[in-house]
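K.L.:
If you scroll down you'll find the structure; I have some questions about it.
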């Protein structure tokens, strides 16, 4: 029997990255300011988390410009959503005590 | 048997799952908001009306029938507002902190609607009659494809009110753009009964293309759409409804005389001019 911890993804091992993926959900774009408020994180910490997840292909970042206003939109990719679902499944298995 | 060494992992996993639920709950209270749902619903109405008016005005008739009725020149009255609307809407969408993206099924249905649209157009040009109810079916299909999620969200009393759509006086560039939109729409309608209307319509489209090049500037339509409050969207809705109605009446009847088109054009201009000056002072309006 394979231990469910093998289903855990290193990309979600930090609280901020885990929470970020939780916030993004599926097929939802969230702007940077809203993410910062929801996650109660500062700009630097959030930016680093987004950059990391973007590098591994789990999130997609879109910059919007309206006049002199710029907005940054973040959404999870299909790959990222699937990976996070697998990670959640592993957590549920572990939390239920897989050896019970 | 579960060993003691598994306990920390179990507790840690449970904590993380609680964090997940807490974050999801917080996000759901933030949005997508009722304002976003209302805006999407309104957009669905505009697009569905455009499709319906187009098909009703120009569909189910041969080219020679259309030419006898005055041709396709009034298409300019129909196309201008929808192009402007899509630019304005793209800016308005930037207001909302959380936006949903439609699923793949949505795009498949949109693709089918487009194919249906092309088929009906081809049938018209080929002189093949088709039941007019197909026009209605296209309208209803496109409306529900775009609006269904928003309708469900609006029916959910728990939907977020986080995006407060505040009514504030427009900045100068948005004010000018709003007035300009009214001027051009009013001009198109006012001159629609003139023989040189097709030429004017073509010039307007060229100017629109130039305006759209300034997409990202503060003078661009997206920036104006971002600034607009519900009152501006209501005014725009009134004026494009009039443009859509004029398109149908001009292409299908002989009711529209020069005085009527002039009066309607002036009305449209006044509506958008008034909207450009409102609100007079900052206020709060929650949707």
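The values are calculated or read from the model by the stated rules, or taken from the named source; none is laboratory data. Just so you know, these numbers come straight off a predicted model, no measurement behind them. Every residue, glycine among them, receives a Cβ derived from its backbone with ideal geometry; neighbour counts consider all protein chains shown.
For (1) part of a helix (DSSP H, G or I); (2) without any contact (Cβ under 8 Å) to a residue 40 or more places away in the chain; (3) within 14 Å of chain A (Cβ to nearest Cβ); (4) within 17 Å of the chain's Cα centre (by Cα), each residue gets a yes or a no:
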{"residue": "B:205", "(1), (2), (3), (4)": "yes, no, no, no"}
{"residue": "B:210", "(1), (2), (3), (4)": "yes, yes, no, no"}
{"residue": "B:218", "(1), (2), (3), (4)": "no, no, yes, no"}
{"residue": "B:238", "(1), (2), (3), (4)": "yes, yes, no, yes"}
{"residue": "B:242", "(1), (2), (3), (4)": "yes, no, no, yes"}
{"residue": "B:246", "(1), (2), (3), (4)": "yes, no, no, no"}
{"residue": "B:250", "(1), (2), (3), (4)": "yes, no, no, no"}
{"residue": "B:261", "(1), (2), (3), (4)": "yes, no, no, no"}
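K.L.:
Okay, next question. Among the residues that make up region B:168-177, is at least one of them buried (at least 18 other Cβ atoms within 10 Å of the Cβ), modelled with pLDDT of 85 or more and more than 14 Å from chain A (Cβ to nearest Cβ)?
P.N.:
no
K.L.:
Looking at residue A:57 and the list (1) outside any loop (DSSP other than H, G, I, E, B); (2) more than 7 Å from every other protein chain (Cβ to nearest Cβ), which single condition is not satisfied?
P.N.:
If we test residue A:57 against (1) outside any loop (DSSP other than H, G, I, E, B); (2) more than 7 Å from every other protein chain (Cβ to nearest Cβ), just (1) comes out false.
K.L.:
Considering every residue within region A:78-100, establish whether at least one is in a loop (DSSP other than H, G, I, E, B), touching a strand residue (DSSP E or B) at 6+ places or on another chain (Cβ under 7 Å) and at pLDDT 95 or above.
P.N.:
Checking region A:78-100: not a single residue is in a loop (DSSP other than H, G, I, E, B), touching a strand residue (DSSP E or B) at 6+ places or on another chain (Cβ under 7 Å) and at pLDDT 95 or above.
K.L.:
Separate question: Failed condition for residue A:41, given (1) closer than 18 Å to residue B:19 by Cα; (2) more than 9 Å from chain B (Cβ to nearest Cβ); (3) assigned to a helix (DSSP H, G or I), with all others met?
P.N.:
For residue A:41, the failing item is (3).
K.L.:
Hey, any hits in region B:186-206 for a residue that's surrounded by fewer than 14 Cβ atoms within 10 Å (Cβ to Cβ), farther than 20 Å from residue B:78 by Cβ and assigned by TED's automatic domain parsing to the domain that holds residue B:82?
P.N.:
No; the residues of region B:186-206 include none that is surrounded by fewer than 14 Cβ atoms within 10 Å (Cβ to Cβ), farther than 20 Å from residue B:78 by Cβ and assigned by TED's automatic domain parsing to the domain that holds residue B:82.
K.L.:
Another question, then. Determine, yes or no, whether residue B:150 is over 20 Å from the mean Cα position of the chain (by Cα) and assigned to a helix (DSSP H, G or I).
P.N.:
no
K.L.:
OK, next. Which of the numbered conditions does residue A:36 fail, given that it passes all the others? Conditions: (1) surrounded by fewer than 17 Cβ atoms within 10 Å (Cβ to Cβ); (2) more than 11 Å from chain B (Cβ to nearest Cβ); (3) assigned to a helix (DSSP H, G or I); (4) within 15 Å of the chain's Cα centre (by Cα).
P.N.:
With respect to (1) surrounded by fewer than 17 Cβ atoms within 10 Å (Cβ to Cβ); (2) more than 11 Å from chain B (Cβ to nearest Cβ); (3) assigned to a helix (DSSP H, G or I); (4) within 15 Å of the chain's Cα centre (by Cα), residue A:36 is out only on (2).
K.L.:
Please enumerate the residues belonging to region B:1-28 that are at pLDDT 80 or above and more than 7 Å from every other protein chain (Cβ to nearest Cβ).
P.N.:
B:11, B:12, B:15, B:18, B:21, B:22, B:25, B:28
K.L.:
I'm trying to understand the selection: among the residues of region B:88-117, which are facing chain A (nearest Cβ under 10 Å), crowded, with 17+ Cβ neighbours inside 10 Å and more than 30 Å from residue B:175 (Cβ to Cβ)?
P.N.:
B:100, the sole residue that qualifies.
K.L.:
(1) exposed (fewer than 14 other Cβ atoms within 10 Å of the Cβ); (2) in contact (Cβ under 8 Å) with a residue 40 or more places away in the chain; (3) at the interface with chain B (Cβ under 7 Å from one of its Cβ atoms): which one isn't true of residue A:94, the others all being true?
P.N.:
The failed condition is (1).
K.L.:
Name, by its number, the condition in (1) touching a helix residue (DSSP H, G or I) at 6+ places or on another chain (Cβ under 9 Å); (2) within 11 Å of chain B (Cβ to nearest Cβ) that does not hold for residue A:29.
P.N.:
Result: residue A:29 passes all but (1).
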